[in-house]
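No lab work stands behind these numbers, since they all come straight from the coordinates. Keep in mind the model is a prediction, meaning the values are calculated, not measured. Every residue, glycine among them, receives a Cβ derived from its backbone with ideal geometry; neighbour counts consider all protein chains shown.
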Amino acid sequence: MAARRSRYLRAHMGLLFAFLYLPIVVLVALSFNASGLPTAWGGFSLQWYRDLVGNDELLEAIRNSLIVAGFVTAIATVLGTLLAIGLQRTVRSRVLDSVLFLPAVIPDIVLAIGLLSFFNLLRFTLGLHTIVIAHVVFDMIFVAAIVRTRLAYFDRRIEEAAADLGANPVTTFLLVTLPAILPGVIAGALVAFTLSIDEFVIAFFNSGPTSVTFPIRVYAMIRFGVTPVINAVAAIVMVLSLATILIALTLTRPKGERSARLEVGA
Amino acid sequence: MSTATAPARRVRSRVWGPRIALLGPGTAWWLVFFLVPVGVLIAYSFFSRGPYGGVIYEPTLKNYARALDPLYVGVLWTSVRVATIATAAALLLAYPAALFIARASPRWRVPLLVLVILPFWTSFLIRTYAWIVLLNPAGLINRLLRGLGLVDESLPLLYNEFAVTLGLVYAYLPLMVLPIYASLERLGPQAAEASADLYASPAQTLRKVTIPLTLPGIVAGCIFVFVPSLGNFIVPDLLGGGRTVMVGNVIQQQFLQARDWPFGAVLAMSVIVLMFVVLVVQAQVLRRTQEVEHGRPA
């Protein structure tokens, strides 16, 4: 009975993975398809990758996205890390936690049009800077959540020791706290970068005509004529984001918590 | 007196100094670029559209009255229906998977979870686009069905409500697995073992012990799927082909094409209100489960 049930669960898991990965595998395979058709295999080809390199609009969009994601990552990582320490140590309140987390829960279109109305009211010109502002709003919350999981392993007695040895709070933070939580901070930064570079809805509403980001470009390509170049773009994006997230995941898992635990006595 | 207040003030500043330094910048950003914009949106919903698309600052309720038009109530109903079906389907797919991972040997749990969550971190647009490739009349799935002789003609899989629902399930499935897994892991195997010792069948154990005690995870997962599905406009836009119109599509259209921002704001308010209803339900379920766990009468 139990064995039959576990066999059923195993089969279900297998089907679920097939469902999750089939679309990704198909897109990557099609990106090497010489025929360019989703229906017929015309042999292996790198032609769509070559076309991609020659697509100036796409390269411009990628450049814009990298600029946005760079600024967003820098600002969101600093704000998110400070927020994480503040929430962990000064004000322990579940209400504050969930209220601050609202931008990550609210459907993105609401945040998108809210910011658009706000920028419009203040006569802000839309551009890359407005996308940066918008992305930081939800990105810093993800950074804060990730850094907090790392802070939970941190032994505060190390900080007290530093203070006893005459370090001021800023020195203690820079030389003791930050190195200990650094893997969490880097993981947060990687997640912030990935979220920003993939983000479409908020950027779509808050970008000006000259500030087209990569997802906006991809959307236009999908919307107005499917070309095989999208498959090549898709394959590259998949591989890059999967690599980034795998790195982030390894960093958030403390190995034996060696860096943050002070051995007392034993 | 003054000597007594000086140290007190110093203590207070020692408490508030770090608070402001740590929480200040983030909450300031949150206030200015989240709370104020949502406030502006709420305010806009009570004004009217100007002749050239601007906003006229005269209070009115006519946008709300217009939202009661059967056309828009219908759109809202479609959104709720599609999001509900997608959530239910995701739950049916996710619960057995979470159960499998929670019962796997500890060595395998993290790799399995990572495999579930990985697709979620790749581009949302591209994952949705993949289904255009798979579902279209000449796509892989239809070719497979015809090749196996299951159907004579291609099935209309794309550009309908089925495609939209499927796209939403695919997009948010990992968000259902994670919280359910977390609550299964927190529960541990003991409860199910005790139930089996008391001669409950596996089905009874699942129905009367495991599922009720993992209800907080189930509800959290349902929220993570339902809320973003409700306001989604990419999936209905790309996979619905203009036939399955959800509230997100109308909001986008009001803001970017019709340029009736006050009416778009009203539709956004309906999404916010529905989201809060769902969050209140979650709070209720959490309280109920905690009461059960602590042995108080439910």
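Summary table below
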{"item": "For residues of B:115-121, the mean tally of beta carbons on other chains within 10 Å", "result": "6"}
{"item": "Sites excluded, GluC sites (Glu not before Pro) in DSSP loops with at most 15 other C-beta within 10 Å, longest stretch of chain A", "result": "A:1-256"}
{"item": "Region B:177-239-region B:29-64 distance, computed between alpha-carbon centres (Å)", "result": "39 Å"}
{"item": "Chain B: most fluctuating residue of B:PRO18, B:PRO37, B:PRO212 per GNM, C-alpha cutoff 10 Å", "result": "B:PRO18"}
{"item": "Low-density loop positions, GluC sites (Glu not before Pro), region B:148-254 - DSSP coil, at most 15 other Cβ in 10 Å", "result": "B:GLU153"}
{"item": "Number of partner chain Cβ atoms within 10 Å, mean per residue of A:138-144", "result": "2"}
{"item": "Residue-by-residue Karplus 3J(HN,Hα) for region A:101-114, coefficients 6.51, -1.76, 1.60, Hz, glycine and proline x", "result": "7, 3, x, 7, 8, 4, x, 4, 5, 5, 4, 4, 6, x"}
{"item": "Those chymotrypsin sites (Phe, Trp or Tyr not before Pro) in region B:53-107 that DSSP places in a loop and that have at most 15 other beta carbons within 10 Å", "result": "B:TYR57"}
{"item": "Cβ-Cβ FRET estimate between A:ARG94 and A:ALA34, R0 fixed at 41 Å, reported to 0.05", "result": "0.10"}
{"item": "Amide H within-cut-off set for B:ARG49, under 5 Å, with H built and near neighbours excluded", "result": "B:ILE56"}
{"item": "Residue order, fewest to most beta carbons within 10 Å, for B:LEU206, B:LEU166", "result": "B:LEU206, B:LEU166"}
{"item": "Contour minus Cα-Cα distance for A:ALA104 and A:ALA74 (0.36 nm per residue)", "result": "8.9 nm"}
{"item": "Using θ = phi - 60° and Karplus 6.51 cos²θ - 1.76 cosθ + 1.60, couplings along region B:255-263 (whole Hz; Gly, Pro as x)", "result": "7, 9, 10, 6, 6, 9, 5, x, 5"}
{"item": "Fewest-first sequence of A:THR73, A:THR252 by Cβ atoms within 10 Å of each Cβ", "result": "A:THR252, A:THR73"}
{"item": "Relative contact order of chain B, pairs being alpha-carbon contacts under 8 Å that are 6 or more residues apart, as %", "result": "25 percent"}
{"item": "Where labels lie 7 Å past Cα in the beta-carbon direction, separation of A:ASP164 and B:ASP69 in nm", "result": "7.3 nm"}
{"item": "Packing-based exposure ordering (other Cβ within 10 Å, fewest first) of B:THR165, A:THR90", "result": "A:THR90, B:THR165"}
{"item": "Mean separation of Cα contacts under 8 Å (6+ apart) over length of chain A, as relative contact order %", "result": "30 percent"}
{"item": "Global form of chain B, assessed from the alpha-carbon gyration tensor, a/c cut-off 1.5", "result": "oblate"}
{"item": "Value of relative contact order over region B:171-298, rounded to a whole percent, pairs C-alpha under 8 Å and six or more apart", "result": "24 percent"}
{"item": "Difference of contour (0.36 nm per residue) and Cα-Cα distance, B:ARG146 to B:VAL32", "result": "35.4 nm"}
{"item": "Degrees separating the helix A:56-89 axis from the principal Cα axis of chain A, which is the longest one", "result": "20 degrees"}
